[in-house]
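Notes to accompany the following structure.
The values are calculated or read from the model by the stated rules, or taken from the named source; none is laboratory data. Everything numeric here is computed off the predicted structure, so don't read it as measured data. With ideal geometry, Cβ positions are generated from the backbone for all residues, glycine too; neighbour counts draw on all protein chains shown. The accessibility values were calculated without ligands, DNA or RNA, using every heavy atom of the protein model including side chains. Shrake-Rupley method; radii C 1.70, N 1.55, O 1.52, S 1.80 Å.
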Amino acid sequence: MHESWKPILQTEFKQPYFQDLSNFLHEAYMTKTIYPPKERVFSAFSTDLNNTKVIIIGQDPYHGPNQANGLAFSVQKGVALPPSLRNIFKEAHEDVGAPIPDNGDLARWAKQGVMLLNNTLTVEAHMAGSHRSKGWETFTEHIIRYLNETRPHLVFILWGRDARSKKAIIDQSKHFIIESAHPSPLSAHNGFFGSKPFSRCNAKLVEWKYPPIKW
């Protein structure tokens, strides 16, 4: 994680709810196959807090082998693109003409100030949603509240029901929210395709005198 995040994260790690979550995860990693790998769980916090401009909120990590890398919607280079990520790239191409990349590693977005944060940061193999209600939702809510309160202008991109549930804790008088259905093939045609999140995000960043994201 980036140094800028350590004070707030260390505060969270000391909270009783997180101690319970930590105990659960310790047992889970010891006895089951959990994604992402331990060392990548907090990869979303590799984005410099002071350079963070955009927060994309997802659901939980990919639950297939070698997919989840700690950044929401991202996979390591060499891993086949999951359907949701293919749809994200398709929308970015249609929206802003972004070329379809040859890999799904979204670290290039993170380096530009895009925080890729799942609502739940871990998952058991082949069991989507298996780590819900274990404490992660409290953790991510606290992180979003912190960003909402301490940063002047942020674009929040909320994809899917879990992400959109965070809308109520975001101050829309100073931040900008873009929301739609999840990019999953099950829901992408119900409002994700054609929602133009990438151009809308960049237009707001430019309005705020921030450099646009190279999607």
- Query: Just a yes or no: is a residue in segment 182-190 hydroxyl-bearing (Ser, Thr, Tyr) and without any contact (Cβ under 8 Å) to a residue 12 or more places away in the chain?
  - Reply: no
Subset of segment 38-80, residues farther than 22 Å from residue 135 by Cα and of a type in the set (Val, Ile, Thr), comes to 47, 52, 54, 75, 79
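Residues are listed down the side, and each one gets a yes or a no for (1) assigned to a helix (DSSP H, G or I); (2) at negative phi; (3) of a type in the set (A, V, I, L, M, F, W, C):
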position: 85; (1), (2), (3): yes, yes, yes
position: 93; (1), (2), (3): yes, yes, no
position: 102; (1), (2), (3): no, yes, no
position: 112; (1), (2), (3): no, yes, no
position: 115; (1), (2), (3): no, yes, yes
position: 133; (1), (2), (3): no, no, no
position: 141; (1), (2), (3): yes, yes, no
position: 145; (1), (2), (3): yes, yes, no
position: 152; (1), (2), (3): no, yes, no
Of the listed residues (140, 150), the one being in contact (Cβ under 8 Å) with a residue 40 or more places away in the chain and farther than 15 Å from residue 95 by Cα is 140
Picking from 106, 116, 85, the residue that is under 20 Å from residue 54 (Cβ atoms), open to solvent by less than 10 Å² (accessible area, probe 1.4 Å) and free of Cβ contacts under 8 Å to residues at least 60 places away in the same chain would be 106
Reported set for segment 123-162 where residues are open to solvent by less than 10 Å² (accessible area, probe 1.4 Å), closer than 29 Å to residue 211 by Cα and over 13 Å from the mean Cα position of the chain (by Cα) is 147, 154
Restricting attention to segment 21-78, the residues that are of a type outside the set (Lys, Arg), open to solvent by 50 Å² or more (accessible area, probe 1.4 Å) and not in a loop (DSSP other than H, G, I, E, B) number exactly 11
- request: Could you tell me whether any residue of segment 69-83 is among the small types (Gly, Ala, Ser) and touching a Phe, Trp or Tyr at 6+ places or on another chain (Cβ under 6 Å)?
  value: no
Residue hits (segment 160-196; closer than 15 Å to residue 86 by Cβ and in contact with a helix residue (DSSP H, G or I) (Cβ under 8 Å, 6 or more places away or on another chain)) are 182, 183, 184, 185, 188, 192, 193
When segment 187-212 is checked residue by residue, the ones that are assigned to a loop (DSSP other than H, G, I, E, B) and closer than 16 Å to residue 94 by Cβ are 191, 192, 193, 194, 195, 196
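Take residue 176 and tell me if it is open to solvent by 10 Å² or more (accessible area, probe 1.4 Å), within 24 Å of residue 196 (Cβ to Cβ) and either at pLDDT 95 or above or over 17 Å from the mean Cα position of the chain (by Cα) (or both).
Against the criterion (open to solvent by 10 Å² or more (accessible area, probe 1.4 Å), within 24 Å of residue 196 (Cβ to Cβ) and either at pLDDT 95 or above or over 17 Å from the mean Cα position of the chain (by Cα) (or both)), residue 176 qualifies.
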Expected output for segment 198-210 (first residue in contact (Cβ under 8 Å) with a residue 40 or more places away in the chain and open to solvent by less than 30 Å² (accessible area, probe 1.4 Å), partner of a type in the set (A, V, I, L, M) and in a helix (DSSP H, G or I), Cβ below 8 Å, 6+ apart or cross-chain) is 198/92; 198/96; 202/96
